[in-house]
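Here's the structure, in structure tokens; my notes come after.
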Amino acid sequence: MFIILLKILVSVFIVLGLVFISERNPKIGGLLVGLPLGTGIMIFFYSIEQGIPFVLQGIPYGICGLVGSLSFGIGFYLGGKFFIKNPVLHVISALCGGFFAFLCISTLITLCKITLLISLVIFLIGMSFAVYFFKHIPQHKKTMPKRFRISALIFRTIFVVIIVLTVTALAQKIGTRWAGFMASFPTTLCPLLIILAYSDKDELYPNVLKHFSYSVTTTVFFYLLVLWLFPILGIYYGIVVIYLLCFLYLYTLNKIKNQLF
């Protein structure tokens, strides 16, 4: 019960924080989504509940699973082209497109025998396609901050809890291969996109997806660090050091991008 409560509190805090930031600056929101937030939560609790060896065996599939996460973003974007004036149908259409793309790509990859090297090659191909796909989306100007209403905050909290617990429960009941994929499911990105699509139509989330398409490399960096440091430092010290290195990596990545573009 304590672990379930901890999952809820951590996940809600992260997702609502991302919503708050993304409504004010979609670029920063997209970068933060690229951090291994949802993935980190599941890897951390996987390690506690099922052991480090279980986590290490699923890492190649977790890296490949990021292609499914990018596919979810592309599918969400394409599905979000419909029913712009109807918030409910707009979100449903976008979600259907996202889940369809995620399941198709993930199922296709699970049919292959995956090694760490193969997973990195598959990820680079998928990421390159996603970056090219979202290339046409212009930089979004900053929007005026919006006031949070209590009813909206409660709705977001309940919705986020349901999604996080559902995805986590599914991931814990399947084998190493699909557990790796589900660890890379866009756990924090999905509710963030839903909330932005519902409240702002297609004004904000395309830009979030644009920056997510390259900042997701941080999650690959995270996986490689887990593979290296968890056996050496253990779960608790390892996760702290890994997150510090991931923040440094993302900061450097953003600096390089600003210099080049």
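The values are calculated or read from the model by the stated rules, or taken from the named source; none is laboratory data. In this text the structure is predicted, and so the values were computed from the model without any measurement. As a convention, Cβ positions derive from the backbone with ideal geometry for all residues, glycine included, and neighbour counts pool all protein chains shown.
Would you be able to say whether some residue in region 245-257 is touching a residue at least 40 places away in the same chain (Cβ under 8 Å), of a type in the set (Lys, Arg) and part of a helix (DSSP H, G or I)?
Step one: list which residues in region 245-257 are touching a residue at least 40 places away in the same chain (Cβ under 8 Å), which gives 246-247, 250, 254, 257.
From what's left, of a type in the set (Lys, Arg): 257.
Retained after the next criterion (residues that are part of a helix (DSSP H, G or I)): 257.
Within region 245-257 (the criterion being touching a residue at least 40 places away in the same chain (Cβ under 8 Å), of a type in the set (Lys, Arg) and part of a helix (DSSP H, G or I)), the answer is yes, since at least one residue qualifies.
Close contacts from region 120-135, counting a first residue that is in a helix (DSSP H, G or I) and a second that is at pLDDT 90 or above and surrounded by fewer than 18 Cβ atoms within 10 Å (Cβ to Cβ), with Cβ to Cβ under 9 Å and a gap of 6+ residues or different chains, come to Leu120/Leu224.
The set of residues in region 75-89 that are under 19 Å from Lys210 (Cβ atoms) and assigned to a helix (DSSP H, G or I) comprises Gly75, Phe76, Tyr77, Leu78, Gly79. For region 86-104, does any single residue satisfy the condition of being at pLDDT 75 or above, of a type in the set (S, T, N, Q), within 18 Å of Thr219 (Cβ to Cβ) and surrounded by 14 or more Cβ atoms within 10 Å (Cβ to Cβ)? There is no residue in region 86-104 that is at pLDDT 75 or above, of a type in the set (S, T, N, Q), within 18 Å of Thr219 (Cβ to Cβ) and surrounded by 14 or more Cβ atoms within 10 Å (Cβ to Cβ).
Of everything in region 170-217 that's hydrophobic (A, V, I, L, M, F, W, C) and closer than 16 Å to Leu124 by Cα, which residue is surrounded by the fewest Cβ atoms within 10 Å (Cβ to Cβ)? Quick ask: steps written out before the conclusion?
We begin by selecting, within region 170-217, every residue hydrophobic (A, V, I, L, M, F, W, C); these are 170-171, 174, 178-179, 181-183, 185, 189-190, 192-197, 204, 208-209, 212, 216.
Adding the requirement that they be closer than 16 Å to Leu124 by Cα leaves 212, 216.
Details: Phe212: 25, Val216: 29.
The extreme case among them is Phe212.
So that you can scan it fast, the table gives a plain yes or no per residue for (1) modelled with pLDDT of 80 or more; (2) β-branched (Val, Ile, Thr); (3) within 27 Å of Gly79 (Cβ to Cβ); (4) assigned to a helix (DSSP H, G or I):
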site	(1), (2), (3), (4)
Ile174	no, yes, yes, no
Ala179	no, no, yes, yes
Pro186	no, no, yes, no
Ile194	yes, yes, yes, yes
Val226	yes, yes, no, yes
Gly238	yes, no, no, yes
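If you go through region 222-248 and keep only what is surrounded by fewer than 19 Cβ atoms within 10 Å (Cβ to Cβ) and over 15 Å from Val55 (Cα atoms), you end up with Tyr237, Val240, Val241, Tyr243, Leu244, Leu245, Phe247, Leu248. Pull up region 46-81, narrow it to residues that are modelled with pLDDT of 90 or more and aromatic (Phe, Trp, Tyr), then point me to the one that is surrounded by the most Cβ atoms within 10 Å (Cβ to Cβ). Among those that are modelled with pLDDT of 90 or more and aromatic (Phe, Trp, Tyr), it is Phe76. Selection over region 218-236 of residues that are hydrophobic (A, V, I, L, M, F, W, C) and under 15 Å from Leu124 (Cα atoms) gives a count of 3.
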